[in-house]
Amino acid sequence: MHLLRQWKRNLSVISIEFRGSVNGNFQILNNLVNALPSLQVLGIADTIQDHSDIVNLQTSLCHKSLCVLKLCEEVGDSKLDRISSCQIKEITKLFKSNCKNFKKICYSSHEQDHSLGVNTCDFNFFSILKKKIASYSNCIFSNPELFALTIDFQCGSTCSELSLINCNIDDEKATIISKALQSNAILKKLILTANKIRNDGAISIAEVLPSCSIVVLDLSLNLIGDEGVKKLLSKTSDTNIKLSLFGNSISLRSIPISNTDSMKVLSVSTRLGDEGMAQLNSYFDKEMNLEELSLQSCDNSSSGLQSVFSMICKCAHLLSLTLIDCNIDNHGVKLMASYLKNCTGLHSLDLSNNKISHLGIEDLASALESCINLEKLVLNENEIGTNGALCLGASLSNCDKIVQIELNDNYVRDDGVKAIAKLISKNCQFKSLKLRCNLITDDGALSLAEHLKSCTELIEIDLSRNAIKVNGMSAIADSIIHCKGMKKLYLGHNNIGKGCPSLIKILKVFTKLVDLDISENKLKSPDIEAIANVLVHHDDLELLNLHGNEICDTGFVSLVYSLKSCKKLCDLIFSESKIIDECFLAFPYLLKHSSNLIKLDLSCNNLSEESAKVLGHGLKWCTCLQRLNVSHNKIRDLKQYAKVCEVVLCCNILMCKTVASMTLLF
């Protein structure tokens, strides 16, 4: 009572914690709490021993000014046993219904994981689950924190997508998450990629799938074996759930493949190896009715590839063939070519990320001569070079239905581009050309421009990361200006700075653009101002990449006021753009009109603590924001972003490694 009289003289106390049992003196505790009208934080660690204690503490839990309630000081199974799920649920409902300033309930200790920079005590599922999309990676969560997720899902969460990537989720934590899914009608997408979930965790999740609303479940890169996979497949076989199990410890014996006669689509994205591929081939002992075959990252030698090609031979009705990262070299292409000649109805072929050079392209092109219905050809990240492009241009002259060609990262020079340009000019319906990261100069751009004039239906062109300058840019602009349906334009990492008038000319026409990449092009502030004046009419713009240009002060302010009309903008990149504090004051005006923004990159500028405060004020409107990159600036503290999104903070003045509800990537 003496203590109570002392406190009544100091009504400004805002935080108080009780540790240990009160030996039944709950009336004194309630009196002490109610004597502090400004109290905001109440800690009652180890105070609740049984259900009757909740009733006795009811007066304290209904304190009107409380916003934070701490239930635990220690983390561990013994503590979880003492405070049962029913008790926590009852406390939660009581606290949330009576405290109008409610912010969070803490179930965990004050211990921090310094290796990852996450303060687990302040991590708050109650705040992030108010967002429709909650995405976190590289965090370590305690069991009580995940248990809080269970409670909040039962108390009206609006979260429809939850992503916990590389968060050390094991079987025990997966079981806790599975309890949160029970009878939940809101969550539609759950991503648990790159964790430590084994069979038991997978089985616990599988058991609740029929009673929840999940439509996308990603368990890739875990440690799930055949037993867990069988259970997951059995629970999803009669549903519309999209299940991803790439990178687990799975053998084909766990996958019940039947009714192969009626199968139209087969997609495998895991490292089966030669033995697994041979077994997959054995399931199809006669002609297959497959229309789509997709194999990714299958890690095969020549014997495994032989099994793949044997399957292709059985697919007389194949329309789409995808073999990405399957270790196919020139010898493998030669084997495949003999089988592809029978696939005369093939519409789409994707052989990206293999080891095919111009020698392999010769065999492939010869086989594709008979594929007169080919519409899509994707050979990204190979080594076909100029000679390979020349061969393709000459051999595919009969394929006049091609509408999409992708040759990114292939060392193609100007002569090769000229051959490809002649090929696509034969089809006025051509829609998409991707030649990113090659060796194209102005000469190649001029040849390309000459043949693009007939492609009136072009909707996407990617010429980024080449060596195109002013003349090439001007020619390209003149040739595609009639393509009024253009959706995606990628011209980044060239040198078109002084060709900006040509760029502005086509931007005035391409008002339906969705993606625009003009990064690293030596554009100056006046150029950016002119571009900003045009973008005011681009209502459908979703991605804008201006990385590596000199936006500076006037250019930045012009962009801020022009982009407010781009209501669909979700990916905005202003990195390395010489943005300074003085012009950054206007930025919240843009954020106020960018409620759909998902990714924001402001790294490598000259932003200080003053800009950080301005940014913190503007982010309150960005309810969908998932990733914020402010690395390589002069910012000291980012605690104001703690409940907003994932933050990249490296290389600032002070490494703020203890920030709540946020991932710091170093």
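The values are calculated or read from the model by the stated rules, or taken from the named source; none is laboratory data. Keep in mind the model is a prediction, meaning the values are calculated, not measured. Backbone-built Cβ (ideal geometry, glycine too); neighbour counts: all protein chains shown. The area values use the complete protein model at the heavy-atom level, side chains included, leaving out ligands, DNA and RNA. Shrake-Rupley method; radii C 1.70, N 1.55, O 1.52, S 1.80 Å.
A few notes on this one:
- Condition check for L305: part of a helix (DSSP H, G or I), buried (at least 19 other Cβ atoms within 10 Å of the Cβ) and over 31 Å from the mean Cα position of the chain (by Cα): yes
One line per residue, one yes/no per condition, for (1) open to solvent by less than 10 Å² (accessible area, probe 1.4 Å); (2) touching a helix residue (DSSP H, G or I) at 6+ places or on another chain (Cβ under 8 Å); (3) more than 20 Å from I165 (Cβ to Cβ):
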position	(1), (2), (3)
S204	no, yes, no
L219	yes, yes, no
E227	no, yes, yes
N248	no, yes, no
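- For C437, the conditions (1) touching a Gly at 6+ places or on another chain (Cβ under 7 Å); (2) on the phi > 0 side of the Ramachandran plot all hold with the exception of (1).
- Some residue of the range 496-514 being aromatic (F, W, Y) and either in contact with a helix residue (DSSP H, G or I) (Cβ under 7 Å, 6 or more places away or on another chain) or within 26 Å of S631 (Cα to Cα) (or both): no
- The residue that is nearest to the chain's Cα centre (by Cα), among those in the range 282-295 that are surrounded by fewer than 19 Cβ atoms within 10 Å (Cβ to Cβ) and at pLDDT 85 or above, is S294.
- Check on N342, open to solvent by 40 Å² or more (accessible area, probe 1.4 Å), out of contact with any strand residue (DSSP E or B) (no Cβ under 8 Å at 6 or more places or on another chain), in contact (Cβ under 8 Å) with a residue 12 or more places away in the chain and not in a helix (DSSP H, G or I): yes
- Selected residue (criterion: modelled with the lowest pLDDT) from residues of the range 426-449 that are over 25 Å from H547 (Cα atoms) and touching a Ser or Thr at 6+ places or on another chain (Cβ under 7 Å): C428
- Of all residues in the range 261-281 being in contact with a Gly (Cβ under 9 Å, 6 or more places away or on another chain) and part of a loop (DSSP other than H, G, I, E, B), the one that is surrounded by the fewest Cβ atoms within 10 Å (Cβ to Cβ): R271
- I496 at pLDDT below 95 and touching a Leu at 6+ places or on another chain (Cβ under 8 Å): yes
- Selection status of L377, hydrophobic (A, V, I, L, M, F, W, C), closer than 26 Å to N466 by Cβ and either in contact with a helix residue (DSSP H, G or I) (Cβ under 6 Å, 6 or more places away or on another chain) or not in a strand (DSSP E or B) (or both): no
- Residues in the range 584-610 that are more than 24 Å from the chain's Cα centre (by Cα), buried (at least 21 other Cβ atoms within 10 Å of the Cβ) and closer than 22 Å to V534 by Cβ: F587 only.
- Qualifying residue in the range 363-383 (condition: of a type in the set (V, I, T), closer than 29 Å to D515 by Cα and either open to solvent by 20 Å² or more (accessible area, probe 1.4 Å) or at pLDDT 95 or above (or both)): yes
- Verdict on G492 being assigned to a helix (DSSP H, G or I) and crowded, with 17+ Cβ neighbours inside 10 Å: no
- Of all residues in the range 516-547 being within 28 Å of the chain's Cα centre (by Cα) and closer than 18 Å to M473 by Cα, the one that is surrounded by the fewest Cβ atoms within 10 Å (Cβ to Cβ): E520
- Picking from residues in the range 408-454 that are of a type in the set (A, V, I, L, M, F, W, C) and part of a loop (DSSP other than H, G, I, E, B), the one that is surrounded by the fewest Cβ atoms within 10 Å (Cβ to Cβ) is C428.
- A single member of L349, L390, L364, L359 is under 31 Å from the mean Cα position of the chain (by Cα), outside any loop (DSSP other than H, G, I, E, B) and closer than 25 Å to A419 by Cα, and it is L349.
- Residue check for I405: modelled with pLDDT of 95 or more, assigned to a loop (DSSP other than H, G, I, E, B) and open to solvent by less than 10 Å² (accessible area, probe 1.4 Å): no
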